[in-house]
Amino acid sequence: MNDMSPEKTEKSKLGKWSRRGFIGAGVLAGGGLLIGIGVRPGNPISSLAPKVAGGAGEQLVNSWVKIDTNNIITAIVPHCEMGQGAHSVLGQMLADELDADWANVRVMQAPADGSYVVTDTARMFLAPFTLNAADWIEPTWNGLFTQMARMADAMITGGSSSIRTTGQFSMRVAGASARKMLIGAAAESWGVPADEIVTRDSMLSHEASGNSAPYSEFATAAAEQPMDQTPTLKTRDQYRLMGRSKARTDIPAKINGTAEFGIDAAPEGLDLSYAAVVRPPVPGTEAISMDAGRAEGMSGVLQILNMGNFVAVVADSYWQAQQAVNTIAIEWSQSASPVKTMDDQFAVFAAALDEAGETGGSEVAARGDAQSALGEAATTISAEYRAPYLAHAPMEPLNCTAHVADGKCDIWTSTQVPLMARTEVASTIGLDTDDVIIHHPYLGGAFGRRLGAEYVAMAARVAQTTGYPVKLIWSREEDTQKALYRCADMSRLRAGLDDSGALVAYDSVFTQRHDPAEASVPAMYDIANTSVRAAEAELHLPFQAWRSVDHSQQGFFVESFIDEAAHAAGKDPLDYRLSMLTNAPRHKAVLEKVAEISGWREPSAEGTAKGVAIVESFGTIVAEVIEVDMSSGKPVMTDIWAVCDAGYVMNPDGFRNQIEGGIVFGLTAAMYGELELKGGAIVQSNFHDYQMLRINEVPNIEVALINSGDVPIGGAGEPGLPPAAPALANAIFAATGTRVRELPIAKQFA
Amino acid sequence: MANFILNGESISVDADPAMPILWVVREKLGLSGTKFGCGIAQCGACTVHLDGEPVRSCSTAVSQAEGREVTTIEGIAGPEGELTKVQQAWVSEQVPQCGYCQSGQIMSATALLRDNPSPSDADIDAAMSGNICRCGTYTRIRRAIKVASGQVEPRTEDLSEEA
């Protein structure tokens, strides 16, 4: 393992803040160069060396990349891999700028260390140049800053941000900077001008002198080279890896059972026990008493714990623990929440909207004079929309393995927020954060759920209380019924049309405003008078960001209502939208393209119809057309088309996979997603009653991409989702004349 | 003691006869490729083969495997790790996202193709609808099965200039 010698540590230095981030460099004992990018002042790069060095044969070229003696290059990425493909694409971006040989590039998850804080992700929310929000959405900036503050100290994966922040502002800079230092070292050694040295496939060469060498030969000497804080990055015509559908590096391990997820943790030398838990059925309540008589006598049971906000059984196997915990009769405290059913929850929302009326609530966005324009409009329409609570339901149940011994705690878990998990564990069991070590392998899905870390703290408490190294697993039922949720919401919308049917006034008011703050604003459309308002209302279930966050409800509300306006005007819904996109050429191009590939203007078969929706989210514009066959009376999707403009796509096939997944995720929610309440507790419990779309229900999905040009690039993980529900609902209207104003859809056509 | 053949190897393991195969292979035998998803045979993440037939190992007691052959995701490749046609197609079509359900998907697809070398869309629906993919890779799973059965050409690795 590499280490820093004290005298060499003094050479460690941090560069000045630049537009692209900090670059710091240090020299390794025994030679070698270490560069880190995107780190905060006060975090010496050098201390990271031992954490990312795999063995004696390796030299760290920088904290985002290391080169071993076989010229294998390892990109070290600060984001977790939860299925979005970020590891692979971040590696591609670094390797391209470094002119590395892709066949010999590996990707490694950065350790959970404060120095790997994803500064650029936080900065995205500070830097207006990265955002396309219209300037008249002034109040929404407050929301952005709230999010920024929450993320500022997080090593976080979310917000469809890995590629467009860390990739653009850190990985590429690291690669380019390291390449320049390697060239500098080779130029000195060979006595030739640096600008005559060519790099390709992890090799340096100089034609005139006949010199050539692998990068590894100059990794040590490169340490003495000056650092370029703002190296020139490649232009698109120079890309060799970016923009290409390179195969994902994580896939080989995911097809033979060797990929390690959090739940697979099997720490060497630890004899694990297993914990199953029961949490309160109604949020905010606690276990007052329990009768664990039956569980006590069950085989394999080691300990039964009442931890207040959960009950746990620790046993020799998870199955035994779960069987035993199921037998415990628990008396829970009473909840003060007035919400016992979803009708109660919607009544709370309705009361808030009633109070806000036609002008009240807090202003989200305002342009022109919507109230007067509504009063003067030739035609007005209004509608109330609803969306239910949803669970994230990642395939890998929530779990955490914890070992507390000798004043330290080791954690193995799937998390989107390793540093926040570390802080939560430390404060929960009374340790310093430095004494908590987070090991975080692949995530078996997350979708926002693993931005919360309460399950991690639970495992730490059980491990500390029992003294056993313990793997704690939530059952699917616990995950469905007692977790954190996509919030329900209600929106009331009004629109005013002039004599020609043009939309001249728009007003909406809704109750749940989280992130992104502008999700509710139809900013792309030319609507002279727009008012968007939020009327806050209490939620019964705890909130957690869920794939695309507010866009998941607002996409449905806004794009369904725009469709209502089109029909009220007697216009084709796609043409109606096009007519309002005169100031949004990228949106217009996306919509025109989806009309083309979907055959929008060709008639559909009897009983079949198409619906369209377009939403910009996380920097990417996505339009979707869904064709639905209603001839049986039930919606059967027959074809789906999507067109996306993310500015520039780094890995087209990986991007398309994300869009396909986002569409299926959105349609699962649209068709089936619903959590009902009884006595304040969730009724649905597992996949038999919290249904997922299955392969037989998902038709062909065609995804076309537009690289529109020189704009900040957009995300991939979330933007496919928001247009899916409205496109389906709009297709159902086109086929049947029945307007869907609440989700889920399937039960309304049962 | 439970006695069965796991991936071609005779196994004797001290386990409650009622314990599901899933937990025996994961916790007692250290093979973690078979995944826990729902515990009630609704999602298919735990799919293994019992005498060649796909079963949900979360809901199949180890006693039912007595004297029989259990095959997990770790046991389908060749002796030197050579990938099966199904696994190769899962790579060429770049199927997985998070990958958690894919062991079960591959086990279901493998059983389908053994019985039906050229499945139709309806055959694929029937055989694969017990496997949930929360990431939504269904269209790729369908294409990969068609690639593995020779009905569709595999894609090449680098689809470079398309975008």
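The values are calculated or read from the model by the stated rules, or taken from the named source; none is laboratory data. Being a predicted model, the structure only gives us computed values, none of them experimental. FYI the Cβ positions are ideal-geometry reconstructions off the backbone, even for glycines, and counts take in every protein chain you see.
For beta carbons closer than 9 Å, sequence separation of 6+ or different chains, a first residue in segment B:4-16 that is within 14 Å of chain A (Cβ to nearest Cβ) and closer than 14 Å to residue B:76 by Cβ and a second that is in a loop (DSSP other than H, G, I, E, B) and polar (S, T, N, Q), the qualifying pairs are B:6/B:72; B:7/B:72.
Restricted to segment A:494-606, the set of helices (runs of 4 or more DSSP H) holding at least 1 residues that are out of contact with any Asp or Glu (no Cβ under 6 Å at 6 or more places or on another chain), closer than 30 Å to residue A:479 by Cβ and assigned by TED's automatic domain parsing to the domain that holds residue A:646 comprises A:551-569.
The conditions of being among the small types (Gly, Ala, Ser), modelled with pLDDT under 95 and touching a Leu at 6+ places or on another chain (Cβ under 9 Å) are met by residue A:517. Of the residues making up segment A:594-603, those that are at pLDDT 95 or above and either closer than 17 Å to residue A:724 by Cα or not charged (D, E, K, R) (or both) are A:594, A:595, A:597, A:598, A:599, A:600.
Regarding segment A:671-690, can at least one residue be identified that is surrounded by 17 or more Cβ atoms within 10 Å (Cβ to Cβ) and closer than 28 Å to residue A:649 by Cβ? The answer is no, given that none of the residues of segment A:671-690 is surrounded by 17 or more Cβ atoms within 10 Å (Cβ to Cβ) and closer than 28 Å to residue A:649 by Cβ.
If you go through segment A:177-217 and pick out every residue that is surrounded by fewer than 20 Cβ atoms within 10 Å (Cβ to Cβ) and outside any helix (DSSP H, G or I), you end up with 17.
If you check residue A:485 against the conditions, is it without any contact (Cβ under 8 Å) to a residue 60 or more places away in the chain, crowded, with 21+ Cβ neighbours inside 10 Å, under 27 Å from residue A:81 (Cβ atoms) and not hydrophobic (A, V, I, L, M, F, W, C)? Considered against the rule, which asks whether it is without any contact (Cβ under 8 Å) to a residue 60 or more places away in the chain, crowded, with 21+ Cβ neighbours inside 10 Å, under 27 Å from residue A:81 (Cβ atoms) and not hydrophobic (A, V, I, L, M, F, W, C), residue A:485 comes out as no. Quick check on segment A:675-690. Is at least one of its residues within 21 Å of the chain's Cα centre (by Cα) and either under 20 Å from residue A:635 (Cα atoms) or aromatic (Phe, Trp, Tyr) (or both)? Among the residues of segment A:675-690, not one is within 21 Å of the chain's Cα centre (by Cα) and either under 20 Å from residue A:635 (Cα atoms) or aromatic (Phe, Trp, Tyr) (or both), which makes the answer no.
Taking the criterion of being part of a loop (DSSP other than H, G, I, E, B) and either within 7 Å of chain B (Cβ to nearest Cβ) or of a type in the set (S, T, N, Q) (or both), the residues of segment A:644-682 that qualify are A:649, A:651. Taking segment A:318-346 as the region of interest, how many residues are surrounded by fewer than 20 Cβ atoms within 10 Å (Cβ to Cβ), of a type in the set (A, V, I, L, M, F, W, C) and in contact with a Pro (Cβ under 9 Å, 6 or more places away or on another chain)? Looking only at that region, the number is 3. Restricting the search to helices (runs of 4 or more DSSP H) fully inside segment A:267-356 and requiring at least 1 residues that are of a type in the set (Phe, Trp, Tyr) and over 30 Å from residue A:511 (Cβ atoms) gives A:318-326. On the stretch given as segment A:360-400, residues that are under 30 Å from residue A:314 (Cα atoms) and either in contact with a Cys (Cβ under 8 Å, 6 or more places away or on another chain) or surrounded by fewer than 19 Cβ atoms within 10 Å (Cβ to Cβ) (or both) total 3. Looking at this structure, is residue A:236 within 13 Å of another protein chain (Cβ to nearest Cβ) and surrounded by fewer than 18 Cβ atoms within 10 Å (Cβ to Cβ)? So residue A:236 passes the test. Per the conditions (1) of a type in the set (Asp, Glu); (2) in contact with a strand residue (DSSP E or B) (Cβ under 7 Å, 6 or more places away or on another chain); (3) facing another protein chain (nearest Cβ under 7 Å), the sole criterion not satisfied by residue B:74 is (2).
Considering every residue within segment A:556-578, establish whether at least one is hydroxyl-bearing (Ser, Thr, Tyr) and either without any contact (Cβ under 8 Å) to a residue 24 or more places away in the chain or more than 25 Å from residue A:446 (Cβ to Cβ) (or both). So far as segment A:556-578 goes, yes, one or more of its residues are hydroxyl-bearing (Ser, Thr, Tyr) and either without any contact (Cβ under 8 Å) to a residue 24 or more places away in the chain or more than 25 Å from residue A:446 (Cβ to Cβ) (or both).
Condition check ((1) assigned by TED's automatic domain parsing to the domain that holds residue B:117; (2) hydrophobic (A, V, I, L, M, F, W, C); (3) surrounded by 19 or more Cβ atoms within 10 Å (Cβ to Cβ)) across all residues:
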position	(1), (2), (3)
B:24	no, yes, yes
B:33	no, no, yes
B:43	no, yes, yes
B:46	no, yes, yes
B:52	no, no, no
B:55	no, yes, yes
B:64	no, no, no
B:90	yes, yes, yes
B:102	yes, no, yes
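Among the residues of segment A:676-693, those identified as touching a residue at least 24 places away in the same chain (Cβ under 8 Å) and over 16 Å from residue A:745 (Cβ atoms) are A:677, A:678, A:679, A:680, A:681, A:682, A:684, A:685, A:686, A:687.
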